[in-house]
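Shown next, in structure tokens, is the structure this report addresses.
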Amino acid sequence: MQKLNNIWYAIAFSCGTVCNYLEISQEAIFILTILMLVDTFTGIIKTIALKKKPTSSRLSLGILSKVTLMLIPFCLALAGKGIGLELITVALGTINVLILSETYSIISNIYVIRTRKDVKEYDVISLLLNKLRKILEKLMVDKS
């Protein structure tokens, strides 16, 4: 158990160090992480409320998907530092959109849990990824 705790402390320390280096708010990352955990929890309850069978593979895929989303702001900030562009504003905006998206998803999950009626969720993440792709394409064209 102590080894597991040490691993978590090392991960947290590393994330804090990277946030400081990249000038990314540790508070925003912490809030996003908590919201992702709550969204995962409410998503499991929603699945049960809709009488669907929760599977470990679907849960694992969801968690991995959320972890990869957390990489986006870090990659943007690192790329900006690497090429000498100020992309920290874009990275922070991405974190804000992810926080709002997780909040929306939690509220949708709670609505479904209460009403037992599934609703179509608005896919903010796909819109964000498409917008970021276009921003990066424009930057590459402008740099050429």
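The values are calculated or read from the model by the stated rules, or taken from the named source; none is laboratory data. Predicted, not measured: the structure shown is a model, and the values here were computed from it. Here the Cβ is made from the backbone with ideal geometry for all residues, glycine too, and neighbour counts use every protein chain on show.
Taking the stated definitions as given, is K81 surrounded by fewer than 12 Cβ atoms within 10 Å (Cβ to Cβ) and over 11 Å from the mean Cα position of the chain (by Cα)? Taking the combined requirement at face value, the residue does not satisfy it.
Taking the criterion of being part of a helix (DSSP H, G or I) and surrounded by fewer than 14 Cβ atoms within 10 Å (Cβ to Cβ), the residues of segment 112-128 that qualify are R114, T115, S126, L127. If the condition is being out of contact with any helix residue (DSSP H, G or I) (no Cβ under 6 Å at 6 or more places or on another chain), of a type outside the set (G, A, S) and either surrounded by 13 or more Cβ atoms within 10 Å (Cβ to Cβ) or in contact (Cβ under 8 Å) with a residue 40 or more places away in the chain (or both), then segment 38-62 contributes T40, I44, T47, L50, R58, L59.
Can you tell me which residue is nearest to G43 (Cα to Cα) among those in segment 109-121 that are of a type outside the set (D, E, K, R) and out of contact with any helix residue (DSSP H, G or I) (no Cβ under 7 Å at 6 or more places or on another chain)?
Y111
The one condition from (1) free of Cβ contacts under 8 Å to residues at least 24 places away in the same chain; (2) closer than 28 Å to G16 by Cβ; (3) not in a helix (DSSP H, G or I) that L85 does not meet is (1). If you go through segment 12-30 and keep only what is β-branched (V, I, T) and either crowded, with 16+ Cβ neighbours inside 10 Å or over 22 Å from V97 (Cβ atoms) (or both), you end up with T17, I24, I29.
Being closer than 20 Å to Y21 by Cα, in contact with a Pro (Cβ under 7 Å, 6 or more places away or on another chain) and not aromatic (F, W, Y) holds for only one residue in T47, T94, and it is T94.
Restricting to segment 113-144, and then to whatever is of a type in the set (S, T, N, Q) and within 20 Å of I99 (Cα to Cα), can you tell me which residue is modelled with the highest pLDDT? Here the residue is N130.
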